1. Distances from B:PRO143 to the same residue in each other copy, label points 7 Å out along Cα→Cβ, in nm, shortest first?
2. In the structure shown, do any of A:LYS32/A:LYS183; A:LYS49/A:LYS70; A:LYS32/A:LYS125; B:LYS49/B:LYS183; B:LYS30/B:LYS70; A:LYS70/A:LYS183 have a Cα-Cα gap over 22 Å, and if so which?
3. Report the charge-dipole magnitude of chain B in Debye, nearest 20, computed about the Cα centre from +1 at each Lys and Arg Cβ and -1 at each Asp and Glu Cβ.
4. What does the convex hull of the alpha-carbon atoms of the protein assembly as shown project to on average, in nm²?
5. How crowded by other chains is B:18-24, given as the mean number of beta carbons from other chains within 10 Å of each beta carbon?
6. Taking the Cα centre of the protein assembly as shown as origin, sum charge times position over the Cβ atoms of Lys and Arg (+1) and Asp and Glu (-1), and report the length of that vector in debye to the nearest 20.
7. A:GLU139 label point, 7 Å along Cα→Cβ, cut-off 12 Å on backbone N: hits in region B:161-187?
8. Seen from all sides and averaged, what is the projected area of the convex hull of the Cα atoms in region A:101-180, in nm²?
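The values are calculated or read from the model by the stated rules, or taken from the named source; none is laboratory data. All figures in this text were calculated on a predicted structure; none of them were measured in a lab. Because the Cβ atoms are built from the backbone with ideal geometry, glycine has one as well, and the counts that use them run over all protein chains shown. Remember, those area values only see protein heavy atoms, side chains included, never the ligands or the DNA or RNA. Shrake-Rupley method; radii C 1.70, N 1.55, O 1.52, S 1.80 Å.
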Number of protein chains: 2
Amino acid sequence: MVRKKAVVDAGIAAASIDRGVLLVLTGNGKGKSSSAFGMVARMLGHGLKPAVAQFIKGRSDTGEEAFFRKAGVPWLVLGEGFTWETQNLARDIETAQRGWTQVQAFLRDPAISLVVLDELTYPLKYGWLDLATVLDDLEARPPMQHVVITGRGAPAELCDVADTVSELADLKHAYRAGVRAQKGLDL
Amino acid sequence: MVRKKAVVDAGIAAASIDRGVLLVLTGNGKGKSSSAFGMVARMLGHGLKPAVAQFIKGRSDTGEEAFFRKAGVPWLVLGEGFTWETQNLARDIETAQRGWTQVQAFLRDPAISLVVLDELTYPLKYGWLDLATVLDDLEARPPMQHVVITGRGAPAELCDVADTVSELADLKHAYRAGVRAQKGLDL
């Protein structure tokens, strides 16, 4: 344990850079969006300013939204649900692109310490948003601004430019035992 | 997409049970504890009552603690760091066991909707806590109470009794590029 402490301490000493991190949370397991919202809480705890944009989810009655809106977090709900919900591709594209214009304002504001782009992977996967534009806007953001992107199937190009990528594997899910989404846990 | 909607809707209709879920977030990737704290925020958004116990982390200046304490969340910091920090095994065992007694009070209180046991896997792995006792206490909790357990290397016996298990793989981490833990993102 004495030796282990020396090794760990040396690793911590070597990491000394402060800068904005691009974090991608992908995979099929539960916990991606929740994780982003935990970081929103952490930011607020340090007196820093987070902002959130939720793609896809059209609903406006989630616990996270109710809670963080009250705490003064700028919060955009940009989606109208998945295409198989709206059954209208042209509208989905228009909704996503109008949404991205609002996100660009976050990504140009150095007063915002963290931008959460919840479920951004879906409009990218379906081609509703142009990946090259999104990557350019991420790259041009203020140097100290953190960005967290969630959703299944993150594109390889996005993971390439990310600083940190976690892939959540779904080893087990209560849903498959018939338990529906639970208030406070899943929504 | 019409067909896809039918399949998804059928799956959602089949899941109809409401009950307390035991969720385990494990693996080496970033985002496990953050995810638990996101669910704390969701709970508060629905007017429900979460409680948190953090094992191992001895520090008391994290963003999550500052933020959620102010929101009235019962919050225990039970650890004094990893053993290679304290260099005192007997004290680590005593700290963990004294902490578990406090957690038992949460696990017997039906007014608490969510109990977060952050980094519980470490005292289990090091044998500071008895796994059988922990599993018994989890099983005996109020039927509608959710529990989220985080930490690397969750024991197989714990995953066996869990309802949902996500394993976070560390595909990439900013730390390895020299970026140290960032306020609001990592702590």
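1. Result for B:PRO143, in nm, nearest copy first: 5.9.
2. Values: A:LYS32/A:LYS183 16 Å; A:LYS49/A:LYS70 14 Å; A:LYS32/A:LYS125 17 Å; B:LYS49/B:LYS183 26 Å; B:LYS30/B:LYS70 25 Å; A:LYS70/A:LYS183 18 Å.
Pairs exceeding the cut-off: B:LYS49/B:LYS183; B:LYS30/B:LYS70.
3. Working: 22 positive and 22 negative charges, 176 e Å.
Dipole magnitude for chain B comes out near 840 debye.
4. Values: hull surface 69.5 nm².
Computed as one quarter of the Cα hull surface, the answer is 17.4 nm².
5. Numbers: counts 5, 6, 4, 9, 1, 9, 2.
For this peptide, the per-residue mean of nearby foreign Cβ atoms is 5.
6. For the protein assembly as shown, the charge dipole is close to 320 debye.
7. Under 12 Å, as judged by backbone N against the label point of A:GLU139, lies no residue of region B:161-187.
8. About 6.7 nm², averaged over all directions.
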